[in-house]
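The block underneath contains the structure these notes are about, expressed in structure tokens.
Derivation of every value follows stated rules applied to the coordinates shown; laboratory data play no part. Remember, predicted model here, so these are calculated numbers, not experimental data. Cβ sites come from the backbone with ideal geometry, for glycine too, and all protein chains shown count toward neighbours.
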Amino acid sequence: MPWRSSDVPRVEAVGVTKRFGRITALERCDLVIGDGEYVGILGLSGCGKTTLIKILSGLWGPTEGRVLVDGQDVTGVPVEERDLGYVFQNIVLFPHMDVWRNATYGPWVHARPEADVEAVGKEVLELVDMLEERGMFPGELSGGSQQKVALARALANRAKLLILDEPLSALDTRVRLELRYALRRIVKDLGLTAIHVTHDQEEAMSVADRVVVMRKGRIVEAGGPEDLYDRPANLFTANFVGENNFLEGSVKRTVGTWAFVEFRNGFQLRVPSPGLMIGDAVVLAVRPEGLALVKDGFGNVLPGRVEGRRFLGATQRILVRLFTDDVVAVDLPSSQSLNTGRDVMVSFNEANILVYPRPFAGLQEALKLE
């Protein structure tokens, strides 16, 4: 593409804090977004993710901290003087302008030559597959098509940094799925740096090179999608990204590289023991797809009884009340038949078990979604 360039920005937040009176919306956030990186910022409503990108983009100023672009302090630079494109959650188009005028508004208002406006308009509308609808008005388009036009308008300014603030949340599920992959393709084809805010974990994991998880105005953890899913360093992340079963216990004994964790009623599981000592209070996390039901009691198993079943399509989720009095979810093929009340053995593969220190404030507080 004509404006594809290796000269894309590196964005940094250094100790960024934002207060509104007595309310702290953002607290000491440090974040580096590499040039050409597609970063997803993930969190529940009110966690501070939109506040963070408004500060990164210049819409708001921080109470404390700095924003750097390619090493230059741009904290006080207003948004209109920054080289970025912004796509909002609520689709913002001029209703009295057709697709073409909306998409080319930036070059047109900056008095670019007519030939340039024509070339840019054709280019960006082809990128979002909306050139054939160039004469239609926003009221004649679906929500997904309107958001494509909003994206085209952001791209038409030749910005190398793209800010996407919940860009798909107002769209239907099927349209969201289609447009999320189009977004990533366009960003990567043009070599842009993109910051994509969402509360939808599947959306973040499917489009981003790296995902930043936020909670209560702080960055909890950041990493590649597979790392956050397979090896979350934080209990909140383990609960928020995907689904997990959690079991509380204490280390009864250690043997070589293994520890034996004891639960209520004296039942034990063997887990990897990096740094664990006898008496340590721990939390085990294992995803529903990481468990299995077996016929015998050999190996790393806990006994239980089937309490319920949830149909998920190709799979079913079996709820088992262990004899430790914990309830775990086990994902199985839907073709497998299991009756409620049946006694089963739940197998825990050591490779699928993550071990965390038990939080001082308690497990429920650490997992709380707020």
Using θ = phi - 60° and the Karplus relation 6.51 cos²θ - 1.76 cosθ + 1.60, list the HN-Hα couplings for region 202-216 in order, rounded to whole Hz, with x at every Gly or Pro. 5, 4, 4, 5, 8, 10, 8, 6, 9, 10, 10, 9, 10, 7, 6
Give the long-range amide H neighbours of ASP280: residues separated by 5 or more places, or on another chain, with amide H under 5 Å away, using H modelled in the peptide plane at 1.01 Å from N. VAL251
Net lengthening on full extension, ASP83/ARG253 (0.36 nm per residue, minus Cα-Cα): 55.3 nm
Taking every pair of Cα atoms in region 144-284, average 1/r, invert it to obtain the Kirkwood radius, and report Rg/Rh to two decimals. 1.16
Stokes-Einstein translational diffusion, region 245-367 - Kirkwood Rh over all Cα pairs, 0.692 mPa s, 37 °C, in µm²/s: 219
Length-normalised contact order of region 177-301, Cα under 8 Å, at least 6 apart, in percent, tallies to 16
Using a Förster distance of 35 Å, the FRET efficiency for GLU289-GLU118 (Cβ separation, nearest 0.05): 0.10
Counting Lys and Arg as +1 and Asp and Glu as -1, what is the net charge of the other residues whose Cβ lies under 14 Å from the Cβ of GLY15? 0
Over the alpha-carbon set of the chain, divide Rg by the Kirkwood Rh and report the Rg/Rh ratio to two decimals. 1.07
Starting from the amide H of ILE41, placed 1.01 Å from N in the peptide plane, find each other amide H under 5 Å away whose residue is 5 or more places distant or on another chain. HIS196, VAL197, THR198, VAL212
Provide, for the chain, the number of lysine pairs with alpha carbons under 17 Å apart, each pair being eight or more places apart or on different chains. 10
Spelling out what I want: for every residue of region 22-38, take phi, set θ = phi - 60°, compute 6.51 cos²θ - 1.76 cosθ + 1.60 (Karplus), and round to whole Hz; glycine and proline get x. 8, 8, 9, 7, 8, 9, 6, 8, 10, 8, 10, 10, x, 5, x, 8, 9
